[in-house]
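Here is the structure we will look at.
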Amino acid sequence: MAIKYAMTYQSTRGEDEGAGYSDIVLKGLAADGGLFMPRIYPQVTKTDLEDWRHLSYAELAFEILRLFATDIEEDTLKTMLAGVYREDVYNNGRTGEDFSKITPTRSIDGGKIRILELSNGPTLAFKDMAMQYLGALFEYILEKRNTELNILGATSGDTGSAAEYAMRGRKGVRVFMLSPEGRMSAFQRAQMYSLKDPNIFNIAVKGSFDDAQDIVKACSQDAGFKATYNIGTVNSINWARVSAQVVYYFKGWLEVTEKPGEVIDVTVPSGNFGNILAGWIAKQMGLPIGRLVVATNENDVLDEFFKTGVYRVRDSEHTFVTSSPSMDISKASNFERYIYDIVGRNAGRIRELWTQLALKGGFALTESEMAQVRESGFVSAKSTHADRINTIREVFEKEGLIVDPHTADGIFAARQYVRAGVKMLSLETALPAKFAATIQEAIGAAPEVPSSYVGIENREQHVTVMPADVGAVKKFISETLKA
Ligand SMILES: *Cc1c(COP(=O)(O)O)cnc(C)c1O
């Protein structure tokens with residue numbers, strides 16, 4: 001299929017300068033505060049899908065991403081993707097499964113539910129699926145534009161390590177990652193701090209994750225500092241990440257269906273709504289997805305919305321620390337993109353809703369807008385700590401399979417929505433090795449650690465400790481870049 005258009009992107013709040021893929025990937029957020037969306041959703045036909053059944057993951061990624069990244073030369077994109085989605089990157093030294101598929105599937109509940117494995121990448125969580133691509137993409141765009149990027153971020157665990165493993169050794173990119181001193185697990189600390197690459201800088205601040213995030217915000221709002229030091233971010237609203245996540249919905253569909261046009265349902269453990277948003281986009285492109293099940297934990301802002309039409313963000317006092325910590329969010333940063341489609345891409349309505357959100361901490365959709373939500377196929381469920389522990393134990397006893405607490409959130413929700421004759425794909429988002437204490441609680445045994453991580457806690461660590469102070473972090477960055 002030849003592509004006869006140049007894809008441009010517009011903001012959910014109205015800005016439309018005809019920006020291309022490479023531009024918006026570097027920008028992140030639009031200048032009007034909105035999120036970038038493709039002007040149209042490219043359409044995929046039943047015939048395309050059948051033609052793609054024999055493709056490797058990298059080849060399929062090329063077929064999907066070329067529809068969005070029309071400003072990148074096709075041969076370049078193809079070579080880049082072949083370098084990213086490689087079996088040796090997505091097996092963690094493990095054997096016994098067909099990791100050449102990158103995202104293999106397995107059955108539970110007698111085949112009623114299929115698990116799509118998204119955590120076989122370098123940091124054992126699904127964020128690698130898109131972040132590894134972002135690393136290669138940044139390197140390419142920066143070289144082409146003869147510029148550099150200094151990524152500044154704050155992490156309480158998963159995002160920081162995924163970013164560091166994606167950017168390590170990349171030309172033109174440095175990572176300055178802030179983490180709260182002493183508040184991550186020993187495994188998470190070792191995962192990040194054991195990296196020796198000269199372009200990775202770990203900064204442990206004496207404070208909480210919120211303190212670390214406030215420092216990042218303060219640096220990003222200082223336009224002078226940002227411009228002088230080429231400061232950028234890699235957060236989950238970046239369109240490159242969303243577009244790369246669309247690929248595995250297609251791969252999962254191709255893997256579990258037998259008939260052309262066969263409809264499947266998909267369940268996604270959700271936090272910032274980035275993962276499931278990619279499923280919505282796949283559906284809009286023509287992938288036969290029926291229901292999209294949003295799974296939340298006790299932090300149920302999304303479950304409440306899909307059940308009531310009221311979106312009410314939480315303050316930090318009402319954001320709970322749970323046993324599926326990567327879903328502990330108070331507001332879902334990618335949600336605006338979905339609502340943009342629900343309100344018929346009316347940027348004025350989005351500005352109105354997000355003004356209400358800023359002023360009153362929430363908004364309610366109208367009855368006709370809620371009809372669109374129901375039409376969209378989204379439903380939701382929430383789990384408690386006890387639900388996750390029981391799910392982990394039960395899946396282990398019945399299937400001999402250990403799942404992590406986020407994946408257990410998903411399975412718990414998926415089981416409530418299984419329909420006769422429709423396959424349910426439930427997305428795995430992390431490996432159990434990352435959450436050993438919860439696994440121990442559920443089954444009384446520790447999960448297997450992939451060979452690439454055995455003994456990681458004993459490796460030498462590289463980290464600079466400093467006070468939770470904007471000035472100290474700015475000084476560290478400027479002195480590092482001068483040296
Ligand atoms: C980030 C993350 C999630 C949540 O994904 P969103 O895209 O933020 O909805 C779920 N599980 C794990 C393990 C994660 O790292």
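With a ≥ b ≥ c taken as the square roots of the eigenvalues of the C-alpha gyration tensor of segment 65-217, please select rounded if a/c is under 1.5 and otherwise prolate if a/b is larger than b/c or oblate if it is not?
Oblate is the answer for segment 65-217, as a/c is 1.5 or above yet b/c matches or exceeds a/b.
Once R0 is set to 41 Å, what does the formula 1/(1 + (r/R0)^6) return for the Cβ-Cβ distance between E441 and T308, expressed as a FRET efficiency to the nearest 0.05?
Given R0 = 41 Å and the Cβ-Cβ separation, E is 0.80.
Quick one: which residues, 5+ away or cross-chain, put their amide H under 5 Å from the amide H of L425? H built at 1.01 Å from N.
When sequence neighbours closer than 5 places are left aside, the close amide H contacts are R114, D265, V266, T267.
What order, most packed first, do the peptides 43-50, 187-194 have when packing is the mean number of other Cβ atoms within 10 Å of each residue?
187-194, 43-50
Would you grab the residues whose amide H sits under 5 Å from the one on K382? Only those 5+ places off in sequence or on another chain, please, with H modelled 1.01 Å from N.
T296
Distance between the C-alpha centers of segment 163-196 and segment 439-471? Whole Å please.
Segment 163-196 and segment 439-471 have Cα centres spaced 11 Å from each other.
Show me, for segment 253-268, the HN-Hα J-couplings you get by feeding each phi into the Karplus relation (A = 6.51, B = -1.76, C = 1.60, θ = phi - 60°), rounded to Hz, glycine and proline as x.
Coupling constants for segment 253-268: 4, 4, 6, 9, 9, 10, 9, x, x, 4, 8, 10, 9, 9, 10, 9 Hz.
List the lysines whose alpha-carbon lies under 26 Å from that of K475, not counting same-chain residues fewer than 8 positions away?
K27, K171, K196, K206, K217, K226
Using the per-residue mean of other Cβ atoms lying within 10 Å as a proxy for protection, in what order, highest first, do the peptides 412-422, 156-166, 63-73 fall?
156-166, 63-73, 412-422
Output wanted: per-residue J couplings in Hz (rounded whole) for segment 303-318, from phi through Karplus 6.51 cos²θ - 1.76 cosθ + 1.60, θ = phi - 60°, x for Gly and Pro.
Coupling constants for segment 303-318: 4, 4, 4, 5, 8, 10, x, 9, 9, 10, 6, 9, 8, 5, 5, 9 Hz.
How about segment 137-169: which trypsin sites (Lys or Arg not before Pro) there are in a DSSP loop, with at most 14 other Cβ atoms within 10 Å of their Cβ?
R145
Could you count how many Lys pairs in segment 324-434 have their Cα atoms under 28 Å apart, skipping same-chain pairs fewer than 8 positions apart?
Eligible lysine pairs with Cα atoms under 28 Å apart amount to 9.
Charges only on Cβ, +1 for Lys and Arg, -1 for Asp and Glu: so what's the dipole of the chain about the Cα centre, in debye to the nearest 20?
380 debye
Got a sec to turn the phi values of segment 163-174 into Karplus ³J(HN,Hα) couplings, 6.51 cos²θ - 1.76 cosθ + 1.60 with θ = phi - 60°, whole Hz, x for Gly and Pro?
Values per residue, Gly and Pro as x: 5, 5, 6, 7, 9, 4, x, 7, 6, x, 10, 10 Hz.
Return the FRET efficiency for the residue pair K259, S478: r is the Cβ-Cβ distance, R0 is 45 Å, and the value is rounded to the nearest 0.05.
The formula returns an efficiency of 0.15 here.
May I ask for the equivalent-ellipsoid semi-axes of segment 131-236, computed as the square root of five times each C-alpha gyration tensor eigenvalue and listed largest first in whole Å?
So the three semi-axes of segment 131-236 are 22, 17, 10 Å.
Based on the alpha carbon coordinates of the chain, what radius of gyration and maximum Cα-Cα distance (Dmax) apply, in Å?
Cα radius of gyration and Dmax of the chain are 21.3, 63 Å respectively.
Go ahead and collect, in residue order, the members of segment 324-354 whose backbone nitrogen is under 20 Å from a label point 7 Å along the Cα-Cβ direction of Q416.
Inside the label zone: 324-332.
What percent does the relative contact order of segment 44-180 come to when contacts are Cα pairs within less than 8 Å and at least six residues apart?
17 percent
Find the relative contact order for the chain and round it to a whole percent, using C-alpha pairs within less than 8 Å whose residues are 6+ positions apart.
Computed over the chain, the figure is 18 percent.
Using just the C-alpha positions of segment 10-94 as equal point scatterers, what log10 of I(q)/I(0) does the Debye formula give at each q in 0.13, 0.17, 0.20, 0.27 1/Å?
With one equal scatterer per Cα and no solvent, log10 I(q)/I(0) is -0.57, -0.85, -0.99, -1.24.
Please work out how much length the chain gains when fully extended from E352 to E375, using 0.36 nm per residue of separation minus the C-alpha to C-alpha distance, in nm with one decimal.
6.0 nm
With a cut-off of 8 Å between alpha carbons and a minimum separation of six or more residues, what is the relative contact order of segment 41-100 in percent?
Averaging sequence separation for qualifying contacts and normalising by length gives 30 percent for segment 41-100.
Once the mean 1/r over all distinct Cα pairs of segment 358-443 is inverted, what Kirkwood radius in angstroms do you read off?
15.1 Å
Points 7 angstrom from Cα along the Cβ direction at L55 and K171: gap in nanometres?
Inter-label distance under the simple model: 2.9 nm.
I want the local charge near N199. Using Cβ-Cβ distances under 12 Å, sum +1 for each Lys or Arg and -1 for each Asp or Glu among the other residues.
+1
Quick note: the coordinates plus some simple rules give every number you see, no bench work behind them. This one's a predicted model, so the numbers in the text were calculated from it and none came from an experiment. Here Cβ is always computed from backbone atoms with ideal geometry, including for glycine, and neighbour counts include all displayed protein chains.
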